Every structure is written in C-alpha cells, then in structure tokens.
Amino acid sequence: MRSGTHRAIAGLALGAALLAGCATDADEAADGGSATARKDGGTTLTVGVFGAFGLQEAGLYDAYTAAHPDVTIKQTSIERNENYYPQLLTHLSTGSGLADLQAVEVNNIAEITATQADRLVDLSAVPGVDQSAFLPWKWAQATTSDGRTVGLGTDIGPQGICYRKDLFAAAGLPTDREAVGRLWAGDWRKYLEVGKEYGAKAPAGKAFVDSASGVMSAITGSSAKRFYDEDGKVIYKTNRAVRAAFDLAAEFAGAGLSAKLQQFTPTWDQGFSNGSFATLSCPAWMLGYIQDKAGAAGKGTWDIAQAPLPSNWGGSFLVVPKAGKHAEEAARLAAWLTAPAQQARLFEKRGSFPSASAAYPLPAVAGATHPYFGGAPIGEIFARAAEGVPVTVLGPKDLLIAQNLTDVGMLQVDQKGRSAQQGWEAAVKAIDNALDQ
C-alpha cells in the first residue's frame, strides 16, 4: 500500500510534468518557500503532516498568509506515516503535543473517526465548507454515525490502467486508450481474458501485469464492502467479494501473466526501466512514480486507459484537534486548504488528485494532460474514475488486513507457486494472529 514517501516521490515527478509552462507570475510569487510571519502579534497556526504532503510545496500556506497577514503557518513533517500515526494517537489521547491542524492517511481515518471524534472539531458547519463540493464517498469516510464530519478530504487515488503501447502492439492488441479501455470495460475478469490474449503473442519475458498483488488490491478497491461491515465487524473471511478478488488475482499468477514483483521494492522499480510488464493498476499519484522509474526511455510508450471498474487507492484528510491552541482559526484554514480552488492548485503543482468533485470542471483539472503518457487527458480519466467509486466501508485495521492478503497470501501464490487456497489460508492465519483472533 502507498506511504507518504511514495506519494512524495510520485508527486514531484507528476507535478513537474503538469507544471510545464503553466505557472503565472502570481503563482511564482505564492511559491516562495515556507510561510513566514507577516505581522508581529498575529496567530501562529501549526500543521502536522507525514511525508512531503504537498500543501507547503504547492505554495498554499504562502497564499493563505498573503491573504491573512496576521497569520503565520508552521509545518512539521514526519517522513513515514507508520511513525507519524502512532504519535498522533498518543497526542490525541493525552490532549498535548498536538498541532492545530493534523493530517490523517485514508487507512487510518476509520479508526480516527470511530475512536477520536470527541477530541476533534466537527468541520461540517465551518464557514467555507460545502459538503456538496466533495465526492460523497470521500465525505462519508470521515463522518461519524451521528453525522459529525471530523476530517476534510485533501486528495484521493482514483485508478486507471497504465499500459505499454509498444508491448500491446507487439501482441496484436489495440493501443488507442479508448479502445484499450473497451477491452475490459465493466468486468475485472475481462482484464484477465485480455491478459491471456496478450500472453499468447507477447514478446518473451514481457509479463502482462507487474504483480498478482497489485491486481487484487485494485479489484478490492472497487467493492463497497471489503474487510468490515457497517457495524465494525471484521468480515473479510466471509465476504465473497474479497475472496473472489483473491482468487481472480491468483489466476493471473497461475496463467503466467504476472512478472511476480513486489510493489515498491528495488526489483519492482527495475521492472519499469526494463520493460518487464505491460500493465499495472495506477492511481493518479502513481504517474510520477512511473515516470521517475521508467525514465526518458519510457516517454511515449506508456499510456492510461480506464480501469474495468472504478477503484480508489490512497488519499488523506485534515483534522482539527479540539485541544489545539487555535482550533477555530485552524478550522478556517482547513476549510480553505480543501476548497476546490486549492485542491485544483495542489493537483496542478503536485499531482494530488482532488477529493472535491467541484474542482473537476476547473481548467487546472479538466484540461490536464500528461506529456509522458502520450498527452493522456488525466484530469478527465481520473475524474471519471473518482465519480464512480462506491461509498466504501472502512475499518480501523484495513491496512493490516490488506497488507497480509497481498504480502503474505498473494505473494506466496505469485512467487512461490502456492495454490490460491494455500495462499488464502496463510493470509488468514497471519491476519488472525495480528488481530489476536
């Protein structure tokens, strides 16, 4: 699964591609480093994030303080979310050590919403916050059962399928992105069938997908119910959608269509530069990662098509602790940072796709193309995917369950040749141990 570090790397490359030739004089003035005090005696707001979150790098803090000269913004960042999040929980429980505004990764938002809502400001009624501007499924992820919204969405990770046009051509498949999307539209099993057709004629040593684990993650991202039900009960074992995703992904491995790589490892990175595979499921933030790893030689060979079904991988939120020194002012800052105009700017500068659907008609999103991917209309592609993602039930240990399904269960199927049943049993055992069940 994605970490803040992965998003930082991807965002740098994607943001650079989107930025080419787009900056205005006003933009440049707003991007001049971290926010500094404009007036003595004003309010200093602190922001706690993980990784290169993008808000500061996109110039948003400076733009806000330019419009509010009595405000200073100071950001602290912990590189990895797995180190940041435990500290956030500790600070929330003690009511001390908190920033005025804190970032929360999507894999942690269910636990935050379920267990920390009383310690967080309800942001739904803050001036400038418009629920209708956000994607319904994103808004729901940080909303309690009694209607309090404790987090405002920043970015999301709607997915497409990134594919190598040269390898598709060599296998006798269409290369136009619309035609490619039609090959598997509406059904992940069609993706498998296209893979089998590709495999019959593909160049030697060029797999169809990077990994069976990546396929499984994409399929489960299409489901409204995955690992938990609405009552917070762990249901992944009995959820037919999860088991079907696992078994279908295992078929990619069994059919010899996988490059058998583990994502975000050095060998996976080398797979991009070596052209080891023809497709992978890619959220918006992944484009920069592909560009970085495939390098100049990959420009024009990669393109993007719609995924078989809308799916999401990643995203984050901003929350305001009640124990912060300036909760009211921080809530206003959170509302401004997540407003459609700022989300569009964050996408333009950093490649973080907006969770506010009201940003999609704005030129920075609607007109966005990516030269590395053959001029693909990425704003249009990812907006279409985002609007189709179901309202997904999240649970506090989603990340733990997902990681064991991929890194324990599916990895054994993909790399060790175990059966789908053997891989499933290994994953269940690991998850049960981790959950003390």
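The values are calculated or read from the model by the stated rules, or taken from the named source; none is laboratory data. Just so we're clear, the structure is a prediction, and the values are computed from it rather than from any experiment. Every residue, glycine as well, gets a Cβ built from its backbone with ideal geometry; the counts of neighbours run over all protein chains shown.
How about region 344-437: which helices (runs of 4 or more DSSP H) wholly inside it have at least 3 residues that are out of contact with any strand residue (DSSP E or B) (no Cβ under 6 Å at 6 or more places or on another chain) and closer than 28 Å to Ala250 by Cβ?
Details: elements: 363-366, 378-388, 398-404, 411-416, 420-435.
Output list reads 398-404, 411-416, 420-435.
Going by what's in this entry, would Arg182 be described as without any contact (Cβ under 8 Å) to a residue 12 or more places away in the chain and in the same structural domain as Met410 (by TED's automatic domain parsing)? Can you show your working first?
Working: without any contact (Cβ under 8 Å) to a residue 12 or more places away in the chain: yes; in the same structural domain as Met410 (by TED's automatic domain parsing): yes.
Taking the combined requirement at face value, the residue satisfies it.
Here Ser132 meets the list (1) touching a strand residue (DSSP E or B) at 6+ places or on another chain (Cβ under 9 Å); (2) at pLDDT 95 or above; (3) outside any strand (DSSP E or B) almost entirely, failing just condition (1). Entry remark, region 247-304: residues being part of a loop (DSSP other than H, G, I, E, B), farther than 19 Å from Phe168 by Cα and among the charged types (D, E, K, R) number 1 in total.
Return the residues of region 289-323 that are buried (at least 23 other Cβ atoms within 10 Å of the Cβ) and among the small types (Gly, Ala, Ser); say none if nothing qualifies. The answer is Ala305, Ala307, Ser311, Gly314, Gly315, Ser316.
Give the number of residues within region 229-246 that are of a type in the set (Ser, Thr, Tyr) and either assigned to a helix (DSSP H, G or I) or in contact (Cβ under 8 Å) with a residue 40 or more places away in the chain (or both).
As a first pass, look at region 229-246 and keep what is of a type in the set (Ser, Thr, Tyr): 236, 238.
Now drop any that are not either assigned to a helix (DSSP H, G or I) or in contact (Cβ under 8 Å) with a residue 40 or more places away in the chain (or both), which leaves 236.
Count: 1.
Against the criterion of being in the same structural domain as Ala140 (by TED's automatic domain parsing), part of a helix (DSSP H, G or I) and surrounded by fewer than 18 Cβ atoms within 10 Å (Cβ to Cβ), Ala341 qualifies.
Within region 390-400, the presence of a residue that is at pLDDT 95 or above and not polar (S, T, N, Q) is excluded.
Taken together, Ser145, Ser96, Ser124 contain a single residue that is touching a residue at least 40 places away in the same chain (Cβ under 8 Å) and hydroxyl-bearing (Ser, Thr, Tyr), which is Ser96.
For region 231-245, how many residues meet the condition of being under 24 Å from the mean Cα position of the chain (by Cα) and either of a type in the set (Lys, Arg) or crowded, with 23+ Cβ neighbours inside 10 Å (or both)? Qualifying residue count for the region: 4. Name the residue that is surrounded by the most Cβ atoms within 10 Å (Cβ to Cβ), counting only residues in region 151-197 that are in a strand (DSSP E or B) and of a type in the set (A, V, I, L, M, F, W, C). Only one residue tops the list, namely Ile156. Would you pick out the residues in region 54-76 that are over 15 Å from Asp100 (Cβ atoms) and within 29 Å of the chain's Cα centre (by Cα)? Gly54, Glu57, Ala58, Gly59, Leu60, Asp62, Ala63, listed by residue number. Has region 322-332 got any residue that is assigned by TED's automatic domain parsing to the domain that holds Ala253, in contact with a Lys or Arg (Cβ under 8 Å, 6 or more places away or on another chain), of a type outside the set (Lys, Arg) and more than 30 Å from Gly298 (Cβ to Cβ)? No: zero hits. Within region 75-122, the only residue that satisfies the criterion of being basic (Lys, Arg) and either crowded, with 17+ Cβ neighbours inside 10 Å or in a helix (DSSP H, G or I) (or both) is Arg119.
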